[in-house]
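The values are calculated or read from the model by the stated rules, or taken from the named source; none is laboratory data. The shown structure was predicted, so the numbers you read here are calculated from the model rather than taken from an experiment. We place every Cβ from the backbone using ideal geometry, glycine too, and count neighbours over all the protein chains shown. Ligands, DNA and RNA are excluded from the accessible area calculation, which covers all protein heavy atoms including side chains. Shrake-Rupley method; radii C 1.70, N 1.55, O 1.52, S 1.80 Å.
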Amino acid sequence: METAGHVVDLGCGTGNMTGILKQRFPAADVLGVDGAETMLDKARAAVPNCRFEQADFATWTPAKAAAPDLIFSNAALHWVTNHKTLFPRLLSLLAPHGVLAVQMPSMHDAPFRALQNEIAREGPWSRFLDDAGYARALLPVEAYYDVIRPKVATLDIWQTTYLHVLTGKDAVTEWAAGSSLRPFLDKLPPDQAQGFRAAYSEALRPHYPERPDGTTILPFKRLFLIARI
Ligand SMILES: C[S@@+](CC[C@H](N)C(=O)[O-])C[C@H]1O[C@@H](n2cnc3c(N)ncnc32)[C@H](O)[C@@H]1O
């Protein structure tokens, strides 16, 4: 895509990618959309040359004269489940010849995420965790093809497994503590958080053993799709 008038960063978080989109499309009106005002406050401060709006993925609708040429979403849409309706809806919001470009982690069935859910349900901390951050299952990759392909002119869809080579003690737990473990930890009193984290580390060890050189490999699968209407 050479140029764009309206670009949307859906699930923009603190605006990391919104700023990059503005660099890539300097003449475009770039709008970051996120459900969390705390994230948007940071994004507004970090990327003052973009606009930001609070909304839910399921209901966000562009202003009438601002149909997006590009809806971009990085590491966000996997937080909701209704993809069979969400993806057609997003495509329907695009301007003619518009593009939907999405990346989602696909880790719900890997021990990395599955054990978070299992341990959250089993330990004494479960009463605090009430659906805290349970990994939502993506559809099978073929289902994205089936849902999207009939509605678009072209579709590129692929998965890549990155091998993250981590260092340090309980390196996978440390990695998770900055991302998918956060919604669980945030809901727990300190002593419960410590217990939950220790149980998670223990359960992870056989799945992600330390290598002879002391590193730990975390295979991390991501689904990418670029659909052009
Ligand atoms: C992991 S962050 C990704 C942030 C950003 N895209 C990036 O690449 O740095 C996921 C974001 O999705 C937002 N989010 C999750 N569910 C949402 C929903 N239903 N509607 C709107 N935003 C949502 C969260 O608030 C969070 O900021």
In degrees from 0 to 90, rounded to the nearest 10, what is the angle of the helix 111-122 Cα long axis to the longest principal axis of the chain?
-> 60
Taking K and R as +1 and D and E as -1, what net charge do the other residues with C-beta under 15 Å from the C-beta of ASP170 add up to?
-> +1
Would you mind telling me the share, in percent, of accessible area of segment 152-229 contributed by carbon and sulfur at probe 1.4 angstrom?
-> 55
Using r as the Cβ-Cβ distance of ARG44 and ALA65, and R0 as 25 Å, what FRET efficiency do you calculate, to the nearest 0.05?
-> 0.65
Roughly what would the spin-label model give for SER92 and ASP130, points 7 Å off Cα along C-beta, in nm?
-> 3.4
Considering the convex hull of the alpha carbon atoms of segment 150-229, report its projected area averaged over all viewing directions, in nm², one decimal.
-> 7.7
Taking only Cα atoms, what is the 0 to 90° angle, nearest 10, from helix 190-204's long axis to the longest principal axis of the chain?
-> 90
Which whole-number percent of Cα pairs in segment 1-73 have a distance greater than 21 Å?
-> 16
Taking only Cα atoms, what is the 0 to 90° angle, nearest 10, from helix 83-93's long axis to the longest principal axis of the chain?
-> 30
Could you tell me what percent of the accessible area of segment 1-107 is made up of carbon and sulfur, with a 1.4 Å probe and every protein chain present?
-> 58
Jot down the radius of gyration and Dmax of segment 74-192, Cα atoms only, both in angstrom.
-> 17.4, 54
Exposed-site-free run, longest, the chain (rule: trypsin sites (Lys or Arg not before Pro); DSSP loop; at most 15 other C-beta within 10 Å) = 65-135
For THR161 paired with GLU210, estimate the spin-label separation in nm (one decimal), with each label point 7 Å from Cα along the Cα-to-Cβ line.
-> 2.4
Please work out the average accessible area per residue across the chain, using the 1.4 Å probe convention, and give it in Å².
-> 50
What share of Cα pairs, in percent, lie more than 14 angstrom apart in segment 128-192?
-> 73
For a paramagnetic label modelled at 7 Å from the Cα of LEU139 toward its Cβ, which residues of segment 82-98 fall within the zone defined by backbone nitrogen distances under 12 Å?
-> 82-91
The chain - percent relative contact order, Cα under 8 Å, separation 6 or more | 21
28 Å Cα-Cα reach of LYS151 towards lysines, excluding residues that sit fewer than 8 places from it in its own chain = LYS22, LYS64, LYS84, LYS221
Alpha-carbon centroid distance for the pair segment 157-172 / segment 183-229, whole angstrom = 10
Taking the convex hull of Cα positions in the chain, its mean projected area over all directions (nm²) | 13.8
Where in segment 1-110 are there GluC sites (Glu not before Pro) that are in a DSSP coil and have at most 14 other Cβ atoms within 10 angstrom of their Cβ?
-> GLU2
